[in-house]
Amino acid sequence: MSTFAMRCCRAYRRIARAFPHQYRAICGDGLEQLGEDLVPRVWQLQGVVGLIRLFGDLALRLPCEHFSTWADRLREATMADDFLEGTWRARQSEASVWNVDRPAPQQAYLRFEPTDTGYLMVAYGVVNGEACAERPQAIIADGRRRPLLDLSGRPIPGVPAGAMTFGSRPDPQTLELGSEVDGQVLGAGRYQVSADGKTLTVTNKGSGPKGPFEVVMVLERVVPDPYRA
């Protein structure tokens, strides 16, 4: 690799590190690695013109991502109420559905904790008399598709390679989530808070390793919230 190309690689890395923390947390070191891979190739095939285009695209993307992060924080700061935030406890109801190839919980809880980019959702409860908890899930409801990874940015065991996740917020009381791989839906969830803010109806459908599944649960807000000081 020529000295000029090496300098361009270093410059690309510096610019990549200037992206917002949230963006880099999603991409991991992928953006910096992209520069390592692309710069020498572009220099070899397209020369200076190609590098100008490459860096131009990166430079245009940088302020856009910072503005998007700022706008998300402003929107969150100006929200009068957060209907989802807090702890929810499932209640037994004839309307509930549990079509899953595993035992239904005797107790089930959901907790939504606000983050800079959305929520951290934690599900826990009691199954067969033993306490259990599912893997915490980061939720970013901006409509974008992102790789389906754990909180550390690593692949999740049992999830097909290349799986993508996405979320949207049709209104302040509704959250919609989904995941897919190669155009095939893995799961779709809807979380809707009632008009009075006291109940949460959760609907999850999809196809897992053991076949189709469907869960419908009605949860009540826990007041006072046990996790708030």
Describe numerically, in nm with one decimal, the distance between label points set 7 Å from Cα along Cα→Cβ at W70 and at R14. 2.3
With angles folded into 0 to 90 degrees, how steeply does helix 30-77 sit against the dominant principal axis of the chain? Use alpha carbons for both and round to 10. 40
Per residue, how many Å² of accessible area does region 77-229 show with a 1.4 Å probe? 60
Nearest-10 value in Å² for the accessible area of I139, using the 1.4 Å probe: 0
State, to one decimal in nm, how far the label point of A133 lies from the label point of R91, with both points 7 Å from Cα in the Cβ direction. 2.6
Taking springs between alpha-carbon atoms closer than 10 angstrom, which of L219, L175, L58 fluctuates most in the Gaussian network model of the chain? L58
What ranking of R14, R89, R111, R102 comes out by heavy-atom accessible area, probe 1.4 Å, highest first? R14, R102, R89, R111
May I ask you to derive the FRET efficiency for M164 and K198 from their Cβ-Cβ distance with R0 = 25 Å, giving the value to the nearest 0.05? 0.15
I need the calculated FRET efficiency for the pair A5 and D101, taking r as the beta carbon distance and R₀ as 45 Å, to the nearest 0.05. 0.25
Which order do you get for K210, K205 if you rank them by accessible area with a 1.4 Å probe, largest at the top? K210, K205
Which percent, to the nearest 5, of DSSP beta bridges fully inside region 132-229 are antiparallel? 100
Carbon and sulfur atoms: what percent of the 1.4 Å accessible area of the chain do they account for? 55
Obtain the nm distance between the two label points defined at R145 and R190 by a simple spin-label model: each point lies 7 Å from its Cα along the Cα-to-C-beta direction. 2.2
For region 95-177, what relative contact order do you get, as a whole percent, if you take Cα pairs closer than 8 Å and at least 6 residues apart? 19
What percent does the relative contact order of the chain come to when contacts are Cα pairs within less than 8 Å and at least six residues apart? 15
Run lengths n ≥ 4 of DSSP H only: what is the helix-derived mean residue ellipticity at 222 nm for the chain, with -39500 (n - 2.57) per run over all residues, to the nearest 500? -10500 deg cm²/dmol
Relative to the longest principal axis of the C-alpha atoms of the chain, give the angle of the C-alpha long axis of helix 3-17, reported between 0 and 90° and rounded to the nearest 10°. 30
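The values are calculated or read from the model by the stated rules, or taken from the named source; none is laboratory data. Being a predicted model, the structure only gives us computed values, none of them experimental. Here Cβ is always computed from backbone atoms with ideal geometry, including for glycine, and neighbour counts include all displayed protein chains. Keep in mind that these areas ignore ligands, DNA and RNA; they rest on the heavy atoms of the full protein, side chains included. Shrake-Rupley method; radii C 1.70, N 1.55, O 1.52, S 1.80 Å.
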